[in-house]
Amino acid sequence: MYSLLPYNTFGIDVSASRFLEYASVAELKEYIAQGAVTTPFLHIGGGSNLLFTKDYDGLILHSRIGGIEVTAEDSQTVSLRVGAGVVWDDFVACCVEHGWYGAENLSLIPGEVGASAVQNIGAYGVEVKDLITAVETVNVQGYGRVYSVEECEYAYRSSIFKRPENKSVFVTYVRFRLSKEERYTLDYGTIRQELARYSAPTLPIVRKVIIEIRESKLPDPKVMGNAGSFFMNPIVAKEKLEALQRDYPRIPYYELPDGRVKIPAGWMIDQCGWKGKSLGPAAVHDKQALVLVNRGGAKGSDIVALSDAVRASVRDKFGIDIHPEVNVI
């Protein structure tokens, strides 16, 4: 058995029957050709979006494909090819260092580049789909395929790769296009408020501010196990929002281009009185109600029980179903 403790940020003490890492597409294809990739299998990234409820009776696959390569460049944009095993925040730091705009709002999101393209990670008004041009993959039969960004069918925290029939498709490289022209997305959360301390925004300053905001709300997984935001923000019809506004005139919301609205799940959880509350060794974080934490020794089932209780409260109070962003295994 292979311990998965270093491979899940919730800090759940579970094991897998087998574990394979590969550092290149050739090595992955070799494993496949040798018949080493047997079912059941699960391909993971940094484990920052996983909740294991028991030992995994199968093979865990993990990519260590590295490299950040410039593939094209002009006066306005730069195109990059990035290995799936690159730590996401290392990639963001690299972009900021080189003066490439677009990824800075996604600073300090845990995980790896390959998983970012599967999950369509997002924060502070930016989603990774806005930066991706294509995703390179190898499937469990050893065949390679490049998906254009349109073929990835990106939506909120969703992509074609999250569908059950595509769990046998492994991301190897992600291609990005970033801007060399100064542009920022600053109208989310308290970004502008925090930037008021500086004379003007620059890439390093925006990254610094995003990191400070995240650190003020989110616990360090090395100190307290968590997977960042546990729940997705629900998207509802305008009519639903208007009905809720009669009882909750100060309910926060974000309007979407399709006429629907996104309501912060953290606000609703807070209104239900869950912020800082525990259920056994699992708790709702006291600074950000969207985050569930392992206070020490929690099992996956403890986190699931807390999640179920929180979801029931939100459903009863607001008539809205909130769904986990985290994959429960």
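The values are calculated or read from the model by the stated rules, or taken from the named source; none is laboratory data. These numbers come from a predicted model, not from an experiment. Quick reminder, even Gly has a Cβ in these numbers, built from the backbone with ideal geometry, and neighbours come from all protein chains shown. Each accessible area value is taken on the protein alone, full model and side chains, heavy atoms only, with ligands, DNA and RNA left out. Shrake-Rupley method; radii C 1.70, N 1.55, O 1.52, S 1.80 Å.
For the stretch 1-30, residues that are of a type outside the set (D, E), farther than 30 Å from V223 by Cα and open to solvent by 50 Å² or more (accessible area, probe 1.4 Å) total 2. With respect to being under 30 Å from R18 (Cβ atoms), under 14 Å from the mean Cα position of the chain (by Cα), surrounded by 24 or more Cβ atoms within 10 Å (Cβ to Cβ) and not acidic (D, E), V113 fits the description.
Checking each residue in the stretch 176-226 for being hydroxyl-bearing (S, T, Y) and under 21 Å from V128 (Cα atoms) picks out S179, Y184, T185, Y188, T190, T202. If you go through the stretch 177-187 one residue at a time, do you hit one that is charged (D, E, K, R), under 20 Å from A103 (Cα atoms) and within 20 Å of the chain's Cα centre (by Cα)? For the stretch 177-187, residues charged (D, E, K, R), under 20 Å from A103 (Cα atoms) and within 20 Å of the chain's Cα centre (by Cα): present. Within the stretch 71-86, the set of residues being open to solvent by less than 70 Å² (accessible area, probe 1.4 Å) and either within 25 Å of Y2 (Cβ to Cβ) or β-branched (V, I, T) (or both) comprises T77, V78, V82, G83, A84, G85, V86. Scanning the stretch 278-290 for residues that are without any contact (Cβ under 8 Å) to a residue 40 or more places away in the chain and part of a loop (DSSP other than H, G, I, E, B) returns G280, P281, D286, A289. Within the stretch 104-145, the set of residues being without any contact (Cβ under 8 Å) to a residue 40 or more places away in the chain, β-branched (V, I, T) and closer than 14 Å to N166 by Cα comprises just one member, T137. For the stretch 117-140, the candidate set comprises residues that are out of contact with any Leu (no Cβ under 9 Å at 6 or more places or on another chain) and in a helix (DSSP H, G or I); within that set, the residue that is most open to solvent (accessible area, probe 1.4 Å) is D130. Filtering the stretch 278-307 to residues that are loosely packed, with under 15 Cβ neighbours inside 10 Å and over 20 Å from F52 (Cα atoms) leaves D286, K287.
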